[in-house]
């Protein structure tokens, strides 16, 4: 039986100057089907979705939804055609209720008010039909990450979405929340919803998708039924060669370089501070910190980076208690950071690569002397990073905002590692990166470990934590779990700790 085609993109081409973002891409989606859209960073996935949603106009090609041409450059037309999208970073107003968030924008400005009574009734029915149970009267700011994602999906369904685009939907979910999401998606597909699933987690792609489409350098290079492929084959198709996962060899652990002793910090708005946390970072060891976003990771990261002192407890560096601690002290003490947000805290968009490469070392020789910058030395340093870390760009004078996420991350990684740091704070180091870039970053962190660096790996991706960490802690509501040696906990067991259940009955949540 021929399935109904609900979405058809034909010959989509889009260029930005000399850059070919999309080149003659054809894509079809059938009713009740899940397709996975895969590709390296900069492969053209985002551009293709922006064309579909009317943010960009293609240079060539057409888009049809449910057999009718879809006007380009018109986001409202996409919404009215029944296309909805759930972004990786939620677009919710945290001070409003679930019902208000879902209803917002669905009534005319001239109506004067939201018909919340009718909206709540419909939302509850949708929640029941699709297994997306959530309190319609709850403030969004008080919801868990998994509940917020349910609200985003309900928001799309409330607008009668028949095609749903999911962009990295499991990036911040626990394994249990991911299982619940997939159960919902299977139910939605059985009811006729069609889904485009964008993810870098290939094991999840294998579990949810019917077909996989792979983009590389703006072109569609492969299309395969999921049942006829493997994770390894998809990874090779994405990057153009075989991808070998990093090997974590046993290593002799050295001295404790940084220690937190019963540290507590104030809450940061709605995010909890640290609660009686004790942690040791040792030379030649990767300490993994798992947890759902917003559970105290920011407080811990800021503390180590010098953005504050403990309210209670002690921060000890090389066996010396730090009574004065700021970012300059942290940098001069050999602490380097790969920040969580490479765009807003890791780089300055309108600075070029050289300026960004020396952001944390510009005051030191040979970058400067007596207050004068040595720009030739800065350029040479940057060109060395570009060559060593395979930063794909026109040159050191390129504005960093023009780089893809993966290449931006490689520059930050080079900036960190070329300083031979004693301690590395790697906060979400591969978020949003493709399989090739992930493998590269992981190999570089392991090389730093072999050189004797102490590494704190903060990640919401349990696969990453389990793959790289010598010891693992879980953080939940500002509390730290005991230390779990490598291989002693399953993803499901860590997921329970991430949800807070492992802390029940724990008198001392510190290591």
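Observations, loosely collected:
- Considering the range 336-359, and only residues there that are crowded, with 18+ Cβ neighbours inside 10 Å and assigned to a loop (DSSP other than H, G, I, E, B), the residue that is farthest from the chain's Cα centre (by Cα) turns out to be 358.
- Looking at the range 388-469, the helices (runs of 4 or more DSSP H) lying wholly inside it that each contain 3 or more residues that are under 19 Å from residue 361 (Cβ atoms) sit at 405-417.
Yes or no, residue by residue, for (1) under 30 Å from residue 453 (Cα atoms); (2) touching a residue at least 24 places away in the same chain (Cβ under 8 Å); (3) touching a helix residue (DSSP H, G or I) at 6+ places or on another chain (Cβ under 9 Å):
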position	(1), (2), (3)
212	no, yes, yes
221	no, no, yes
228	no, no, no
234	no, yes, yes
257	yes, yes, no
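- Qualifying positions in the range 307-318 - touching a residue at least 24 places away in the same chain (Cβ under 8 Å) and in a loop (DSSP other than H, G, I, E, B): 308, 310, 311, 318
- Criterion: within 25 Å of residue 459 (Cα to Cα), buried (at least 19 other Cβ atoms within 10 Å of the Cβ), in contact (Cβ under 8 Å) with a residue 60 or more places away in the chain and in contact with a strand residue (DSSP E or B) (Cβ under 9 Å, 6 or more places away or on another chain) - qualifying residue of 163, 153: 153
- Subset tally (residues that are more than 20 Å from residue 451 (Cβ to Cβ) and crowded, with 18+ Cβ neighbours inside 10 Å) for the range 316-335: 2
- Taking (1) within 26 Å of the chain's Cα centre (by Cα); (2) touching a residue at least 40 places away in the same chain (Cβ under 8 Å); (3) in a loop (DSSP other than H, G, I, E, B) in turn, residue 133 satisfies each apart from (2).
- Of the set (1) under 24 Å from residue 201 (Cα atoms); (2) surrounded by fewer than 23 Cβ atoms within 10 Å (Cβ to Cβ); (3) touching a residue at least 12 places away in the same chain (Cβ under 8 Å), all apply to residue 472 but (2).
- Members of the range 10-38 found to be at pLDDT 90 or above and on the phi > 0 side of the Ramachandran plot, listed by number: 11, 24, 32
- Tallying residues that are crowded, with 21+ Cβ neighbours inside 10 Å and in a loop (DSSP other than H, G, I, E, B) within the range 180-200 yields 2.
One line per residue, one yes/no per condition, for (1) closer than 24 Å to residue 443 by Cα; (2) touching a strand residue (DSSP E or B) at 6+ places or on another chain (Cβ under 9 Å):
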{"site": "336", "(1), (2)": "yes, yes"}
{"site": "374", "(1), (2)": "no, yes"}
{"site": "390", "(1), (2)": "yes, no"}
{"site": "411", "(1), (2)": "yes, no"}
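The values are calculated or read from the model by the stated rules, or taken from the named source; none is laboratory data. Remember, it's a predicted structure, so these values are computed and weren't measured experimentally. Ideal geometry is used to build each Cβ from the backbone, glycine not excepted, and the neighbour counts take in all protein chains shown.
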